[in-house]
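Quick notes on the structure that follows.
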Amino acid sequence: MTIRLSVLFRCDASPSIGLGHLVRCLALADELHEDHGVAVSFAMRASPLASAMVKRRSYPILRAPDGGVLDHQAWLSDCVLQSGAQILVVDVRDDLPQAALNALAEKGTMIAVLDDLSDRRWAADLAFYPPVPQVRRVDWSGFRGRLCVGWEWIVLRSQFAEPFPSRYNSKCSLLIAMGGSDPAGLTLKAVRALDRLDEDFESVIIVGAGFCHRQALRDLLGQTRRRFAVREDVSEMSAAMAQADLAVCSFGMTSYELAAMGVPAACVCLTEDHAESASALVAAGMGISVGVNDQDTETRLAAAVEGLLVDKNARAQMSTQARELLDGRGTSRIAELLVSTPARTALG
């Protein structure tokens, strides 16, 4: 009898920590479930928003126990047992120890990590990363898994692998997209930065389901010189991005999505680690970075956007380069590798 392949995802999301890790795990889960018939489940900490996003796909959720210090090893072992998973995909930034993954690996569970440079990588059979400087800097000597590094391994939703029409806007259309929750309020800073500019362009703001600053945004838009259109909870993000000539975004999944749609972007970074990762996009000629968010972000952002608005050739070159390097098919490549990699053999 053939046993159906089962994959368990360990990830978290909330308005305070952002939605990007869950969004990309859901993208990979959908690819595995819809194209390969894989059974999918999620192991998550409690979050109403995250739970709603997963339930919308009807995937089972195994929630971490409330209160006290989480025993990662015991809980994850129980989740793997309950789900019947042969593969565990890990995409977290918490204190999950390498030992918890080693224990599962010894029992025959295949481990895959997404963009994780912590010690957890040593437990992985498969490790996937964008070509950022941090990956080259860490020590990989003795790593026994398969290391996959490159723009071709970036996880995006399937809509970003579809062809999109050329843009024919009568005036430059600029998109503000700061991710699903924008905990740092970068949308507000972007609005204030763009409101300084005198160039003629259209401005569209996209706010996600977990956006934390709705009232502050409404108050701000009541005071700006420039008119900003606001779109909320956009499901077909690729179509919305395809209409933009230029974007302002927070570095992360949104910046990769924009690149896949050939939209040059000015990225704002939340951390020094994000700024270093964004430097790979800049070096590849796909966009620009204004560095880590601080008290001068609005000034740097206004100057960067003004430069791109007047330099149509630079925007065109960035768009062409992004389309050549990021084809939006990283999710399907990873799914193919997950289902085709031989299963582990339990030790002992």
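The values are calculated or read from the model by the stated rules, or taken from the named source; none is laboratory data. All figures in this text were calculated on a predicted structure; none of them were measured in a lab. Here the Cβ is made from the backbone with ideal geometry for all residues, glycine too, and neighbour counts use every protein chain on show. Only protein heavy atoms, including side chains, enter the accessible area calculation; ligands, DNA and RNA are left aside. Shrake-Rupley method; radii C 1.70, N 1.55, O 1.52, S 1.80 Å.
Would you confirm whether or not the stretch 16-29 contains a residue that is assigned to a strand (DSSP E or B), among the small types (Gly, Ala, Ser) and open to solvent by 10 Å² or more (accessible area, probe 1.4 Å)?
The answer is yes; a qualifying residue exists.
So which of ARG323, ARG300 is within 28 Å of LEU186 (Cβ to Cβ), modelled with pLDDT under 95, part of a helix (DSSP H, G or I) and not polar (S, T, N, Q)?
Every option except ARG323 fails the conditions.
Being open to solvent by 30 Å² or more (accessible area, probe 1.4 Å), in contact (Cβ under 8 Å) with a residue 12 or more places away in the chain and not in a helix (DSSP H, G or I) is the filter here; which residues of the stretch 151-173 pass it?
ARG157, GLU162, PHE164, PRO165, ARG167, ASN169, LYS171
Within the stretch 112-161, count every residue that is within 12 Å of VAL90 (Cβ to Cβ) and among the small types (Gly, Ala, Ser).
5
Provide a single number: the residues in the stretch 326-348 that are in a loop (DSSP other than H, G, I, E, B), of a type in the set (A, V, I, L, M) and surrounded by 15 or more Cβ atoms within 10 Å (Cβ to Cβ).
Residues flagged as in a loop (DSSP other than H, G, I, E, B), of a type in the set (A, V, I, L, M) and surrounded by 15 or more Cβ atoms within 10 Å (Cβ to Cβ) within the stretch 326-348 amount to 1.
Being touching a residue at least 24 places away in the same chain (Cβ under 8 Å), acidic (Asp, Glu) and closer than 30 Å to VAL40 by Cα narrows it down to one residue among ASP273, ASP327; which is it? Quick ask: steps written out before the conclusion?
Details: ASP273 fails: closer than 30 Å to VAL40 by Cα.
Selected residue: ASP327, the only one of ASP273, ASP327 that is touching a residue at least 24 places away in the same chain (Cβ under 8 Å), acidic (Asp, Glu) and closer than 30 Å to VAL40 by Cα.
What's the number of the only condition in (1) touching a helix residue (DSSP H, G or I) at 6+ places or on another chain (Cβ under 9 Å); (2) assigned to a helix (DSSP H, G or I); (3) not aromatic (Phe, Trp, Tyr) that SER51 fails to meet?
Here SER51 meets the rest and fails (1).
Which of the residues that make up the stretch 77-92 are acidic (Asp, Glu) and within 20 Å of LEU126 (Cβ to Cβ)?
Within the stretch 77-92, just ASP91 meets the criteria.
If you check ARG333, ARG315, which single one turns out to be modelled with pLDDT of 95 or more, closer than 30 Å to GLU34 by Cα and among the charged types (D, E, K, R)?
Numbers: ARG315 fails: closer than 30 Å to GLU34 by Cα.
Sole residue among the options that is modelled with pLDDT of 95 or more, closer than 30 Å to GLU34 by Cα and among the charged types (D, E, K, R): ARG333.
Within the group LEU156, LEU114, LEU188, which residue is within 29 Å of PRO15 (Cα to Cα), of a type in the set (A, V, I, L, M) and over 19 Å from the mean Cα position of the chain (by Cα)?
LEU188
Among SER173, SER158, which is the only one that is out of contact with any helix residue (DSSP H, G or I) (no Cβ under 8 Å at 6 or more places or on another chain) and among the hydroxyl-bearing types (Ser, Thr, Tyr)?
None of the other options fit; the residue is SER173.
Take the stretch 185-220 and flag every residue that is touching a residue at least 40 places away in the same chain (Cβ under 8 Å) and part of a helix (DSSP H, G or I).
LEU186, LYS189, ALA190, ARG192, ALA193, LEU194
Starting from the stretch 38-59, take each residue that is in contact (Cβ under 8 Å) with a residue 40 or more places away in the chain and list its partners that are part of a helix (DSSP H, G or I) and open to solvent by 10 Å² or more (accessible area, probe 1.4 Å), counting only C-beta distances under 7 angstrom and pairs at least six apart or across chains.
VAL38/VAL339; SER41/SER83
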